[in-house]
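Only one structure is covered here, and it is reproduced in the block below.
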Amino acid sequence: GENVEQHPSTLSVQEGDSAVIKCTYSDSASNYFPWYKQELGKGPQLIIDIRSNVGEKKDQRIAVTLNKTAKHFSLHITETQPEDSAVYFCAACSTDSWGKLQFGAGTQVVVTP
Amino acid sequence: DTEVTQTPKHLVMGMTNKKSLKCEQHMGHRAMYWYKQKAKKPPELMFVYSYEKLSINESVPSRFSPECPNSSLLNLHLHALQPEDSALYLCASSQTRDRGDEKLFFGSGTQLSVL
């Protein structure tokens, strides 16, 4: 089955700096890669996703890149703000896996003013 | 309305109790999910309902019993739980699960403590 590795496990950045979180996946059949943000006391919220036919996607300060050959994808947050502090999960799945997302272990991001 | 509503937010139960968790969405989604999340870990899939029928059971112990009374509601009935079942239980929904890449919308969860 699919295995997703996520690094780093914790990330501390100064407000205004950029943050990058990297994930690798094992199943070459995976074709959908969402990113979720989970704030304390809340459920995960989808912040951006990318499909395997696209190499990069951007939404304001957030971007995701996908390298299918290397089987890795990354989340980039620019101009970080204190409200970006949260746990971020990457995930992967394939249409063959019937929507069963395989999550990475998560990255605790702390943005210090 | 893009919300998935879960009740209760917190639940404490003894190992001999029977309780139920409830989940509701009014987005017209036809796929609903139960996830379990331990502290500092990612969510783990438990059950998936598609068009009100159970389509995935991730080998969950029978002390957890899901129910989907209609397309908007999802319940999780709990009986004879163990302390290790203490966790955040998350409900999620998606438009369908026909393609495997539909966006999942999560509720805020029920924090369950089993004493």
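The values are calculated or read from the model by the stated rules, or taken from the named source; none is laboratory data. What you see is a predicted model, and the numbers here were worked out from it, not measured in a lab. Cβ: placed from backbone, ideal geometry, glycine included. Neighbour counts: every protein chain shown. Heads up: the accessible areas ignore ligands, DNA and RNA and are worked out on the full protein's heavy atoms, side chains in. Shrake-Rupley method; radii C 1.70, N 1.55, O 1.52, S 1.80 Å.
Values for this structure:
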{"quantity": "Single match in A:ALA86, A:ALA105 (criterion: within 23 Å of B:LYS41 (Cα to Cα), in contact with an Asp or Glu (Cβ under 8 Å, 6 or more places away or on another chain), open to solvent by less than 10 Å² (accessible area, probe 1.4 Å) and small (Gly, Ala, Ser))", "calculated": "A:ALA86"}
{"quantity": "Count - residues of the range B:42-94 that are among the polar types (S, T, N, Q) and either within 9 Å of chain A (Cβ to nearest Cβ) or more than 13 Å from B:CYS23 (Cβ to Cβ) (or both)", "calculated": "9"}
{"quantity": "Total residues in the range B:73-83, condition under 22 Å from A:PRO44 (Cα atoms) and either crowded, with 18+ Cβ neighbours inside 10 Å or free of Cβ contacts under 8 Å to residues at least 24 places away in the same chain (or both)", "calculated": "2"}
{"quantity": "Every residue from the range B:1-22 that is of a type outside the set (D, E, K, R) and either outside any strand (DSSP E or B) or out of contact with any strand residue (DSSP E or B) (no Cβ under 9 Å at 6 or more places or on another chain) (or both)", "calculated": "B:THR2, B:PRO8, B:GLY14, B:MET15, B:THR16, B:ASN17"}
{"quantity": "Filter result for B:LEU104 (more than 19 Å from A:GLY106 (Cβ to Cβ) and crowded, with 21+ Cβ neighbours inside 10 Å)", "calculated": "no"}
{"quantity": "Failed item, numbered, when A:GLN6 is tested on (1) in a loop (DSSP other than H, G, I, E, B); (2) at the interface with chain B (Cβ under 9 Å from one of its Cβ atoms); (3) in contact with a strand residue (DSSP E or B) (Cβ under 7 Å, 6 or more places away or on another chain)", "calculated": "(1)"}
{"quantity": "Hits in the range B:12-45 (condition: crowded, with 18+ Cβ neighbours inside 10 Å, farther than 18 Å from B:PRO69 by Cβ and either in contact (Cβ under 8 Å) with a residue 40 or more places away in the chain or touching an Asp or Glu at 6+ places or on another chain (Cβ under 9 Å) (or both))", "calculated": "B:TYR35, B:LYS36, B:GLN37, B:PRO43, B:LEU45"}
{"quantity": "The listed residue being part of a strand (DSSP E or B), in contact with a strand residue (DSSP E or B) (Cβ under 9 Å, 6 or more places away or on another chain), closer than 20 Å to A:LYS37 by Cα and of a type in the set (A, V, I, L, M), out of B:LEU78, B:LEU74, B:LEU90", "calculated": "B:LEU90"}
{"quantity": "Count of the range A:3-45 residues which are within 22 Å of B:TRP34 (Cα to Cα), out of contact with any Phe, Trp or Tyr (no Cβ under 6 Å at 6 or more places or on another chain) and of a type outside the set (S, T, N, Q)", "calculated": "7"}
{"quantity": "Those strands (runs of 3 or more DSSP E) lying entirely in the range A:40-113 with at least 1 residues within 14 Å of chain B (Cβ to nearest Cβ) and charged (D, E, K, R)", "calculated": "A:45-51, A:56-59"}
{"quantity": "Residues satisfying the stated conditions in the range B:26-70, i.e. in contact with a Cys (Cβ under 8 Å, 6 or more places away or on another chain) and part of a strand (DSSP E or B)", "calculated": "B:MET32, B:TYR33, B:TRP34, B:TYR35, B:TYR49, B:LYS53, B:LEU54"}
